[in-house]
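Below: one structure, written as structure tokens.
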Amino acid sequence: MLQKIILACVVFIVILVALTFGESLLHQVFAWVSYLTGLVIQNFSDVYTVVLAYVHAHPTKVLLALVLTIPVCLWIIRNKGAELDRKASPRKIAIVLAIFLGWLGGHRFYLGQIGWGIVYLILFYVFTPLVVILSLIDAIRYAFMSDEEFVPGRV
């Protein structure tokens, strides 16, 4: 069930990004990331205000993304439902967490490495670009490991 919810969220975000940044993807993405990281360093509530401002500025895009998300998710669940119910390997979950929540140390907390997770949080507060790069390096490392090499408490 959780995987289906995550799937719906990812599909929604992909559709929304495609609708929003289709015409000048790289320029908008780089500007948005630099703007967002500047706000996140100052205050976490600024992320909420940025999202709220985006929704107020582009309500039709958000609504269209929501409307398109429902049939796409239903189609994926209908065709790949058995694969979604399968238990994912801890390595794949760690890769996804490193990509999307690595800047908060989410993958380290998931792997039981609380100390490293706290180090990532401190690095995030001190110098955000460094922790983003480190988490992407972790994701790449995990991607090139086999399931046998990947031991959650040791990587």
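Results, tabulated for the structure shown:
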{"quantity": "Straight-distance crosslink candidates among lysines, where the alpha carbon sits under 24 Å from K61 and sequence neighbours closer than 8 are dropped", "calculated": "K4"}
{"quantity": "Shape box of segment 90-143 [Cα atoms, principal axes, largest first, Å]", "calculated": "29, 19, 14"}
{"quantity": "Trypsin sites (Lys or Arg not before Pro) restricted to segment 67-118 and DSSP loop, no more than 13 other C-beta within 10 Å", "calculated": "R86, K87"}
{"quantity": "Contour excess over end-to-end distance, with Cα ends at L52 and I140 and 0.36 nm allotted per residue", "calculated": "28.4 nm"}
{"quantity": "Rounded to whole Hz, the Karplus (6.51, -1.76, 1.60) HN-Hα couplings of segment 142-150, x for glycine and proline", "calculated": "5, 5, 8, 8, 8, 5, 6, 6, 7"}
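Coordinate-derived values only; no laboratory data. All of these numbers come straight from a predicted model, not from anything done at the bench. Glycine also receives a Cβ, built like all others from the backbone with ideal geometry; neighbour counts cover every protein chain displayed.
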